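Written below as structure tokens is the structure these notes are about.
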Amino acid sequence: VAVGIGVLGAGTVGGTLVRRLIEQGSVITARTGLELEVRRVAVRSLSKARPFSVPAGVLTDRPEDVISDPTVDLVVEVMGGREPAGTLVLAALAAGKPVVTANKELIASRGPELFAAAERAGVPLLFEAAVGGGIPIIRPLMETLAGEQIARVLGIVNGTTNYILTRMAEEGCPYGEALAEAQELGYAEADPSDDVNGTDAASKASILASLAFGTWVDPMQVYREGIEELQPADLVFAADLGYAVKLLAIAERLPGGVSARVHPALLPVEHPLAGVRGATNAVFIEGSSIGELVFSGPGAGGEPTAAAMLGDVIDAARELLAGSEVAPSVRFGPGEVIDFGEVVTRLYVRLEVEDRPGVLSRIASAFAEASVSICAVRQEGRGDRAMLIIVTHAAPEAQGRRAVESLRQLDVVQDVAAVLRVVGEGE
Ligand code: NDP
Ligand code: HSE
């Protein structure tokens, strides 16, 4: 029996998925026994060139026709954004059609509502490609690790920014040029500011934290900083100190609740995430009985993302044909989301200062008054404009911020040139 597939969107990911479903249909059938037939594909522009060819009438610019088509049994959403994707996904579920999506923005912003709709309809809602592109990470969290007490998840979960940081650190490539390359390679979101300002990673942090800890963490509760303000000089200073700079998503179980945040971080070069290059993503999980796990692989781009989605399509098609009731797959209980100010962090602070007697003691006093202990100080240059790099010991983020605010008020400090966090040692 053939399963009819309707696809909403045929851009970087959707175009690749449709091409694979068409070109590799016989291989899929040979390996799974399933016949997956692409019956409708919705796009915005009917005249744009596509990497596949379909009979007349399959392509439509009316996405609602995909949902209502009686020959479509299963819907794949790869158009992106909150709307109309959200309305279409809910309509598909209400019509009893399983949904496979790569849309992390939609899952993060409306997860509980969408999971409830899927459960009411008794059909699966699968989203393996929403975090980590081609890396299997959602299923391990929801199934393999469902019985594990997870303490912390650290992730490089945005391919575009990791690509940019790698090009900047290794080849001195200018930021704008590296971003243009990431867009050209199909890694970036339709609006790449979502990548560079941390919004995309915050959606993924929200999903990872929610699945890891069983408490729904809304993306608005995820503290975020992107890489736009990052200066090439800090990549060089960090490397000299033995660190790599990465945009990290960090989800932690803390004594009073859970926390999720996204910001650039200095990682010791020996940390498993420090050597993750280009658009590769990696997720590092610390569990109470499993210890440490690392999942890594291609985190963005049409091919790897379509591969993860194909797995979900096969899974959903199997459930559909089995006709069995879909068991509830995920539950979220109440829980406190801790404000980032209360989370313990270590700071890397780069200051431009005058090099004269007494400067260092005034700077040290600003940290001491905020109860932040200094771990290391390094000076670069001499005279009117010297550079001081200070790395602190762990202290609540709010205390570190208080110290930085005091530094800004000091006449001997010409500029607080950078404030970053150190992760992966001594926290
Ligand atoms: P694209 O912008 O390349 O593709 C979007 C597709 O949706 C296009 O075919 C577009 O039509 C169609 N579309 C958009 N809005 C509408 C609408 N209102 N009606 C009909 N069709 C519409 O995006 P991607 O393929 O890169 O991403 C798709 C989803 O996958 C997003 O949620 C993204 O976050 C996610 N994702 C992307 C990854 C990547 O590496 N690119 C990796 C993991 C997830 P047209 O072609 O005519 O413009
Ligand atoms: N824009 C995203 C990234 C796509 O660069 O990681 C994968 O989710």
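The values are calculated or read from the model by the stated rules, or taken from the named source; none is laboratory data. Predicted, not measured: the structure shown is a model, and the values here were computed from it. Glycine also receives a Cβ, built like all others from the backbone with ideal geometry; neighbour counts cover every protein chain displayed. For the accessible areas, the whole protein counts, side chains as well, though only heavy atoms, and no ligand, DNA or RNA atoms are used. Shrake-Rupley method; radii C 1.70, N 1.55, O 1.52, S 1.80 Å.
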Q | Residue in segment 177-198 that is more than 10 Å from ligand 2 (Cβ to nearest atom) and under 18 Å from Val283 (Cα atoms) present | A | yes
Q.
Going residue by residue through segment 270-277, is there one that turns out to be more than 16 Å from ligand 2 (Cβ to nearest atom), of a type in the set (Val, Ile, Thr) and in contact (Cβ under 8 Å) with a residue 24 or more places away in the chain?
A. no
**Q.** When residues of segment 171-230 are limited to those that are among the acidic types (Asp, Glu) and under 17 Å from the mean Cα position of the chain (by Cα), the one nearest to Glu397 (Cα to Cα)
**A.** Glu225
(Q) So for segment 257-264 (the condition being buried (at least 19 other Cβ atoms within 10 Å of the Cβ), polar (S, T, N, Q) and more than 30 Å from Leu351 (Cα to Cα)), does at least one residue qualify? (A) no
(Q) Between a residue in segment 384-402 that is under 12 Å from Phe367 (Cα atoms) and any residue that is modelled with pLDDT under 95 and among the basic types (Lys, Arg), which pairs come within a Cβ distance under 6 Å, given they are 6 or more apart or on different chains? (A) none
Q. Limited to segment 379-419, what total is found for residues that are within 19 Å of Ser259 (Cα to Cα), touching a Leu at 6+ places or on another chain (Cβ under 6 Å) and in a strand (DSSP E or B)?
A. 0
Q. How many residues are open to solvent by 40 Å² or more (accessible area, probe 1.4 Å) and assigned to a helix (DSSP H, G or I) when one looks only at segment 312-363?
A. 10
Q: Return yes or no: is Thr16 open to solvent by 20 Å² or more (accessible area, probe 1.4 Å) and touching an Asp or Glu at 6+ places or on another chain (Cβ under 9 Å)?
A: no
Q) If we scan segment 79-90, do we find a residue that is polar (S, T, N, Q), under 29 Å from the mean Cα position of the chain (by Cα) and open to solvent by less than 30 Å² (accessible area, probe 1.4 Å)? A) no
Q) Among the candidates Leu141, Leu88, Leu93, which residue alone is closer than 25 Å to Gln221 by Cα and in a helix (DSSP H, G or I)? A) Leu141
Q) What pairs can you find where one residue is in segment 212-226 and within 19 Å of Leu247 (Cβ to Cβ), the other is among the aromatic types (Phe, Trp, Tyr) and surrounded by fewer than 22 Cβ atoms within 10 Å (Cβ to Cβ), and their Cβ atoms are less than 7 Å apart, with a gap of 6+ or different chains? A) Tyr223/Phe340
